[in-house]
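The values are calculated or read from the model by the stated rules, or taken from the named source; none is laboratory data. None of the values given here were measured: they were computed from a predicted structure. In this analysis, Cβ positions are derived from the backbone assuming ideal geometry, glycine residues included, and neighbour counts consider all displayed protein chains. Side chains included, ligands, DNA and RNA excluded: accessible areas come from the protein's heavy atoms. Shrake-Rupley method; radii C 1.70, N 1.55, O 1.52, S 1.80 Å.
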There are 2 protein chains.
Amino acid sequence: MKQLQEKIKNEGKVLSNQVLKVDSFLNHQIDAFLMREVGKEFADRFKNDGITKIVTLESSGIAPSVMTALELNVPVVFARKRKSLTLTDQLLTASVYSFTKQEENTIAVSGEHLSSEDRVLVIDDFLANGQAALGLAEIVEQAGASLAGIGIVIEKSFQEGGKILREKGFRVESLARIKSLEKHVVQFLEETEEAAV
Amino acid sequence: MKQLQEKIKNEGKVLSNQVLKVDSFLNHQIDAFLMREVGKEFADRFKNDGITKIVTLESSGIAPSVMTALELNVPVVFARKRKSLTLTDQLLTASVYSFTKQEENTIAVSGEHLSSEDRVLVIDDFLANGQAALGLAEIVEQAGASLAGIGIVIEKSFQEGGKILREKGFRVESLARIKSLEKHVVQFLEETEEAAV
């Protein structure tokens, strides 16, 4: 997605060979118009898949998910990273390790809002090690729902998450795929390369 | 806002005299279409106030905020409830006690994304004790920005938050104001009553 690549090039901050900070439009400040375009792109890629629900993870997954939801005319459910007092019964949970925060979180979705009738699109902001996406996929499976695919705003293709998910047979649609952050330069996978990865 | 009141009546679960659970459209599952209407309503109420930025709190404030942002053509910044490793410099912080979760959180916004030039609309999902809104207002003040007002999706008017904020001189616009949850019935403030509160 060209518009997203441009935004990453212009505003992304490469903190190391591993870490790209996009706090100006996705992870802290949110560019609602860009998120609307992201939503349209996800919707376009999954429009023929009979999606009934979008499942994402708080907090940065919410904006792209609600914009996709507008296009696909389905609800969003966001997994919480820990239990709140008003979210008690029928919890579907998975354990997710965050390398960024160096901590293990339980993520949870209420069984009230995800059922075996659902055909799910999982959306997340970043794909790095794949832990969050795997946790969300596990929750979808626990609900007995079917997973149509995983929509990722930014994939760091040089980390193993994308490979792990695709080897498990999941359909992964990433709107920007980063090949390298070396020498503080963001390099994207070209489309010809994408086909081969 | 009639559409919101209807949704609360039909899907809200009154857990006690104090607690209303709206997990089916706001706090866990999100109704993106209702959020778009919420966004239009906030935008309409603040369209002449020169808003340059929306400030909200993760996670449930994000959906109504991005929809408002589309209408007002401004960015959203969401305060985080604790520091992440990629959010380091120039932090504006406030301490917020959550009665629901019975814990004290530090909420933080990067000074990179909020400046003295900004005219801010604070948006949050619920107004109960007012702690979150006060924390966000404190952060706006620390940035030297001006606060145009506070937009609340659901105000529990029988708790003290609304009174505290209005007595401090803040303009508070709540789209649904709940007078009582007694006997498991949601009662709204009527508009004639609203004027008097």
Practice item. Apply the Karplus parameterisation 6.51 cos²θ - 1.76 cosθ + 1.60, with θ equal to phi minus 60°, to every residue of segment A:59-76 and state each ³J(HN,Hα) to the nearest whole Hz, in sequence, with x for glycine and proline. Key: 9, 6, x, 5, 4, x, 5, 5, 5, 5, 4, 4, 6, 8, 6, 9, x, 9
Exercise for review: Determine the alpha carbon to alpha carbon distance for each of A:LYS168/B:LYS101; B:LYS53/B:LYS183; B:LYS7/B:LYS47 and list only those over 30 Å.
Suggested key: A:LYS168/B:LYS101; B:LYS53/B:LYS183
Study note, to complete from the structure: homo-copy label distances at B:LYS13 (7 angstrom along Cα-Cβ), nm, one dp, ascending, are 4.2
Review point. If you plug each phi of segment A:131-136 into the Karplus form 6.51 cos²θ - 1.76 cosθ + 1.60 with θ = phi - 60°, what whole-Hz ³J(HN,Hα) values come out, in order, with x for Gly and Pro?
Key: 4, 5, 5, 5, x, 5
Check your understanding: To one decimal in nm, how far is B:ASP44 from the same spot in the other copies, if labels go 7 Å from Cα toward Cβ? Please give the shortest first.
Key -> 3.2
Point to revise | Chains B and A, summed buried accessible surface - 1.4 Å probe, Å², nearest 100 | key: 4000
Study note, to complete from the structure: Percent antiparallel among DSSP beta bridges confined to the protein assembly as shown, rounded to 5, stands at 40
Point to revise | Estimated dipole of the protein assembly as shown in Debye, rounded to 20 [Cβ of Lys and Arg +1, of Asp and Glu -1, Cα centre] | key: 280
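Taking every pair of Cα atoms in the protein assembly as shown, average 1/r, invert it to obtain the Kirkwood radius, and report Rg/Rh to two decimals.
Working: Rg = 20.4 Å, Rh = 21.3 Å.
Ratio value, two decimals: 0.96.
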Check your understanding: Rounded to two decimals, what is Rg over Rh for chain B when you use alpha-carbon atoms and the Kirkwood radius?
Key -> 0.95
Practice item. Just report the Cα centroid separation between segment B:35-113 and segment A:2-47, whole Å. Key: 18
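So what is the 222 nm mean residue ellipticity for the protein assembly as shown from helices alone, if each DSSP H run of at least 4 adds -39500 (n - 2.57) and you divide by all residues, rounding to the nearest 500 deg cm²/dmol? All intermediate terms of the calculation are to be shown ahead of the outcome.
Details: 12 runs with 122 residues, N = 394.
Rounded to the nearest 500, it is -9000 deg cm²/dmol.
Measuring with a 1.4 Å probe in the full set of protein chains, what accessible area per residue, in whole Å², belongs to chain A?
Working: 8270 Å² over 197 residues.
Roughly 42 Å² per residue, with all protein chains present.
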Point to revise | Antiparallel DSSP beta bridges within segment B:2-196, percent to nearest 5 | key: 40
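For chain A, with all protein chains present and a 1.4 Å probe, just round the carbon and sulfur fraction of the accessible area to a whole percent. Walk me through the intermediate numbers first.
Details: 3580 of 8270 Å².
About 43 percent, which is the carbon plus sulfur part of the accessible surface.
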Review point. Measuring label to label, 7 Å along Cα→Cβ, what does B:SER116 give against each other copy in nm, shortest first?
Key: 6.3
